[in-house]
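What follows is calculated from the coordinates using simple rules that are stated; it is not laboratory data. Quick caveat: nothing in here was measured; it's all calculated off a predicted structure. Neighbour counts are summed over all protein chains in view; Cβ atoms, including those assigned to glycine, are modelled from backbone coordinates with ideal geometry.
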Amino acid sequence: MTCQQKEHLYPLNIILRDLINYRGGIINLETGLVIIRIKGKEITINFNILLLGNDKAVLGIPWLQKYNLKINWITGDVEI
């Protein structure tokens, strides 16, 4: 997977819009285009790159709002 410098840098915020102190608080790296498949639907996206420990991916509020997933947190089922 390739990575590149982001064209448009922006600060890292939590859901309440508070800034996160992460390596200066600015997201500056992203992947190249990646195709993800959720329940048979393909989405092409660039992922921001953050060193977050054991987490594989974190979906941001804009992405969640755009695709408006229905998640059953008990069973782990996802509808898109």
- Could you pull out every one of the lysines with an alpha carbon less than 22 Å from that of K39, ignoring same-chain neighbours closer than 8 positions? K56, K66, K70
- Item | Estimated distance in nm for a label pair at Q4 and L29, the labels positioned 7 Å out from Cα along Cα-to-Cβ | 1.6 nm
